[in-house]
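Peer 1: Below are the structure tokens for one structure; questions will follow.
The values are calculated or read from the model by the stated rules, or taken from the named source; none is laboratory data. These numbers come from a predicted model, not from an experiment. Methodologically, a virtual Cβ is constructed for each residue, glycine included, from the backbone with ideal geometry; neighbour enumeration extends over all protein chains shown. SASA here: full protein model, heavy atoms, side chains in, ligands and nucleic acids out. Shrake-Rupley method; radii C 1.70, N 1.55, O 1.52, S 1.80 Å.
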Amino acid sequence: MTLIWPDWIEAVFGVDPDQRSGALEWAIVAVALCATLTFSLLARSEYRGARALSTR
């Protein structure tokens, strides 16, 4: 959504925390990306651990 509408927070919530620069929206994207990568790596390690236990 940020790619198409970089100031969506201002329109949706009626506040302007970043003076319409889009910095807050990109920060939300960055945090979501980091969380996705972190949880993907954690899930991968859990999957590998469970698979290793089941093959023993």
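Peer 1: Any idea what angle helix 23-54 forms with the longest principal axis of the chain, computed on alpha-carbon atoms, 0 to 90 degrees, nearest 10?
Peer 2: Here the helix axis deviates by roughly 10 degrees.
Peer 1: Would you work out what percent of the accessible area of the chain, with all protein chains in place, is carbon or sulfur (probe 1.4 Å)? Walk me through the numbers on the way to the answer.
Peer 2: Working: 3180 of 4650 Å².
Of the solvent-accessible surface of the chain, carbon and sulfur hold 68 percent.
Peer 1: A further question follows. For percent of Cα pairs over 13 Å apart, the choices are (i) 61; (ii) 78; (iii) 67; which was calculated from the structure?
Peer 2: So the calculated entry is the one marked (iii).
Peer 1: Dipole of the chain (Lys/Arg Cβ +1, Asp/Glu Cβ -1, origin at the Cα centre): which of ALA32, TYR47, GLN19 lies farthest to the positive side?
Peer 2: TYR47
Peer 1: Sticking with this one: For the chain, what does -39500 (n - 2.57) per DSSP helix run (n ≥ 4), summed and divided by total residues, give at 222 nm, in deg cm²/dmol to the nearest 500?
Peer 2: On the way: 2 runs with 38 residues, N = 56.
Computed ellipticity for the chain at 222 nm equals -23000 deg cm²/dmol.
Peer 1: Give the accessible surface of the chain per residue, rounded to a whole number of Å², with probe radius 1.4 Å and ligands, DNA and RNA excluded.
Peer 2: Numbers: 4650 Å² over 56 residues.
For the chain, the per-residue accessible area is 83 Å².
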